[in-house]
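Note sheet for the following structure.
The values are calculated or read from the model by the stated rules, or taken from the named source; none is laboratory data. What you see is a predicted model; the values in this text were computed from it and never measured. Quick reminder, even Gly has a Cβ in these numbers, built from the backbone with ideal geometry, and neighbours come from all protein chains shown. Just so you know, the surface numbers come from the protein's heavy atoms only, side chains and all, with ligands and any DNA or RNA stripped out. Shrake-Rupley method; radii C 1.70, N 1.55, O 1.52, S 1.80 Å.
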Amino acid sequence: MSFSNNITKLFNIQYPIIQAGMVWASGWRLASAVSNSGGLGLIGSGSMYPEVLKEHIQKCKAATSKPFGVNIPLLYPDVDKHIQTVIEENISIVFTSAGNPKIFTSVLKQHGIIVVHVISSSKFALKAQEAGCDAVVAEGFEAGGHNGREETTTMILVPSVCNAVTIPVIAAGGIATGRQMLAAMVLGAAGVQMGSRFVASNEASSHSKFKETIINAKEGDTILTLKQLTPVRLIKNKFYNEILEAEQTGVSPEKLKELLGRGRAKKGMFEGDLENGELEIGEVSAIINKILPASEIINNIWNQFSAALLHPLK
């Protein structure tokens, strides 16, 4: 089924399916595989030093002639250097998140870059639109990784944001199938961004033990925690239990930061320490049951979407 809307036109892609830029999971292999399959692949710069990001961009360019982008979390210390890198490397699409879009959107736009900002509320969506963003990702709190404090679900957030802004809205959080994609688009979204589904792919750089944990996850295995710092959705494990105990005893944010330490996400997601690492993943992991190539994931989602569009109540 041929398909075209304002998101496929904005990014010049075949399907309105965006692979989220995730720390320790979305390097050049995954981004290029998704883009080659008709979606939009994103390199997740949050876990990369500037020179590493540059290497991934150049390898992605060699691996695909299709559009791809870079996700830049604005709370990371190397954000200035990452912005400079994407400009120097002539990246045409940048997704920003976890910060104020006013800071860098105008700079990126001056270089002809399409800018999309990830938001968790209508208020922030309006700020992104005012800052000049071309689209927003409305990410419900079902999503993995860093998340909104408001705990607004995708089912509520997407139509609220669509009513608030005039720029295209991409839905994220709790989406891993074609039927879920159709539901999000019926609510007003012009496309979807998926993270967890692509973490459990062959090309994701996440550790194989982490991928196995994802496909074995059940309902209730993830939880939004660390709300005193930056809220993040994790799979429950030994590290989470330590965080829970500390929070229940009323420790200060400083003590929580000390317990969190450095490199927790790398330890869990990249190195495969399933007990002491931070395992960031979404609630939708409960219905992901197989590790697949990115091309097969895209194909499955689009076939499911097309079938559901023809017979939505079947």
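What's the Cα-based Rg to Rh of the stretch 122-164, Rh via Kirkwood?
Details: Rg = 10.3 Å, Rh = 10.7 Å.
Rg divided by Rh gives 0.96.
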If we sort 33-39, 103-109 on the protection proxy, mean other Cβ atoms within 10 Å, highest first, what's the order?
33-39, 103-109
Using modelled backbone amide H atoms (1.01 Å from N, in-plane), which distant-in-sequence or interchain residues come within less than 5 Å of GLY191's amide H?
ALA171
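Note down the relative contact order for the stretch 1-121 as a percent, whole number, built from C-alpha pairs under 8 angstrom at least six residues apart. The partial results should precede the final answer.
Values: 209 pairs, mean separation 23.6, N = 121.
Computed over the stretch 1-121, the figure is 20 percent.
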Round to a whole angstrom and tell me the spacing of the C-alpha centers of the stretch 161-224 and the stretch 253-285.
20
What is the magnitude of the charge dipole of the chain about its Cα centre, with +1 placed on the Cβ of each Lys and Arg, -1 on the Cβ of each Asp and Glu, and no other charges, expressed in debye to the nearest 20?
520
Cβ crowding within 10 Å averaged over residues, with 243-250, 277-284 ranked highest first:
277-284, 243-250
What relative contact order, as a whole-number percentage, does the chain give when Cα pairs under 8 Å and 6 or more residues apart are counted?
17
Hey, which lysines would be in cross-link range of LYS66, C-alpha to C-alpha under 16 Å, not counting anything within fewer than 8 residues on its own chain?
LYS9
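Within the set LYS123/LYS257; LYS227/LYS257; LYS218/LYS290, which residue pairs have Cα atoms separated by over 20 Å? Before the final figure, lay out each step's value.
Numbers: LYS123/LYS257 28 Å; LYS227/LYS257 12 Å; LYS218/LYS290 13 Å.
Too far apart for the 20 Å limit: LYS123/LYS257.
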Distance from the Cα centre of the stretch 29-44 to that of the stretch 66-85, in angstrom?
16
Just going by the charge dipole of the stretch 1-113, with Lys and Arg at +1 and Asp and Glu at -1 on Cβ, which of LEU10, SER47, PHE68 is farthest out on the positive end?
LEU10
Take the Cα pairs of the chain, get the Kirkwood Rh, then feed it into Stokes-Einstein at 4 °C and 1.567 mPa s and tell me D in µm²/s.
67
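Run the accessible area of the stretch 58-97 with a 1.4 Å probe and give the carbon-and-sulfur part as a rounded percent. Kindly include the intermediate steps, with their values, before the conclusion.
Details: 840 of 1750 Å².
The value for the stretch 58-97 is 48 percent carbon and sulfur by accessible area.
Taking all protein chains in place and a 1.4 Å probe, what share, in percent, of the accessible surface of the stretch 261-314 do carbon and sulfur account for? Present the calculation step by step, with values, prior to reporting the outcome.
Numbers: 1470 of 2860 Å².
Ligands and nucleic acids excluded, carbon and sulfur give 51 percent.
Leaving out ligands and nucleic acids, note down the accessible area per residue over the chain with a 1.4 angstrom probe, in whole Å².
On the way: 13540 Å² over 314 residues.
Normalised by residue count, the accessible surface of the chain is 43 Å².
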If packing is taken as the average count of other Cβ atoms within 10 Å, what order do 207-215, 169-177 fall into, highest mean first?
169-177, 207-215
If you project the alpha carbons of the stretch 181-314 onto the principal axes, what extent comes out on each, in Å, largest first?
54, 31, 22
Neighbours of THR154 by Cβ distance under 11 Å: Lys/Arg at +1, Asp/Glu at -1, summed charge -3
